[in-house]
Amino acid sequence: MADFTVAVADPDDGTTYQVEVDGQDANRFIGREIGEEVDGGAVGLSGYTLEITGGSDDTGRPMRDDVRATALKNVLLDGGTGFEPTRDGERKRVTVRGREISDETRQINARIASRGGDSPADLLGEA
């Protein structure tokens, strides 16, 4: 059974909420990809829609939206998710995870795409 930590970013006020998700709610995320939208009820934000923006696996490897499926892949990067170059022209081979959420995923990054009635702080109990 999958269990995730979902980091929900609120772009209006810059706050990020961390929510533990398991069981049936976690199954709503399995098979989804970066860029897809999910019902916010899975994390306790009923009436909200969340957009998946990224994540990482159980060893901390980042998910990249340009790598298909759920598998690990070695890619040569010159910047972006997974590698920050320190000088011009620097490249590095990095192991990253694909863009699809699976049982190996431990953290999912999401942002609020559309709002419901109550504020996220009230719904998540962090007011």
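The values are calculated or read from the model by the stated rules, or taken from the named source; none is laboratory data. What you see is a predicted model, and the numbers here were worked out from it, not measured in a lab. No Cβ is skipped: glycine too gets one built from the backbone with ideal geometry, and neighbour counts run over all protein chains shown. Note: accessible area is taken over every heavy atom of the protein model, side chains too, but ligands, DNA and RNA are not part of it. Shrake-Rupley method; radii C 1.70, N 1.55, O 1.52, S 1.80 Å.
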Out of the residues in the range 1-44 that are among the polar types (S, T, N, Q) and touching a residue at least 40 places away in the same chain (Cβ under 8 Å), which is surrounded by the fewest Cβ atoms within 10 Å (Cβ to Cβ)? THR15
Among GLY98, GLY60, which is of a type in the set (Gly, Ala, Ser), closer than 21 Å to ASP3 by Cβ and without any contact (Cβ under 8 Å) to a residue 12 or more places away in the chain? GLY60
If you check GLY55 against the conditions, is it buried (at least 17 other Cβ atoms within 10 Å of the Cβ), at pLDDT below 85, out of contact with any Phe, Trp or Tyr (no Cβ under 6 Å at 6 or more places or on another chain) and not β-branched (Val, Ile, Thr)? no
Among the listed residues GLY14, GLY23, GLY41, GLY35, which satisfies the condition of being within 18 Å of ARG106 (Cα to Cα) and out of contact with any Ser or Thr (no Cβ under 9 Å at 6 or more places or on another chain)? GLY23
State whether one or more residues within the range 29-37 are among the charged types (D, E, K, R) and in contact with a Lys or Arg (Cβ under 8 Å, 6 or more places away or on another chain). yes
Quick one: is THR49 in contact with a Ser or Thr (Cβ under 9 Å, 6 or more places away or on another chain) and either without any contact (Cβ under 8 Å) to a residue 40 or more places away in the chain or open to solvent by less than 50 Å² (accessible area, probe 1.4 Å) (or both)? yes
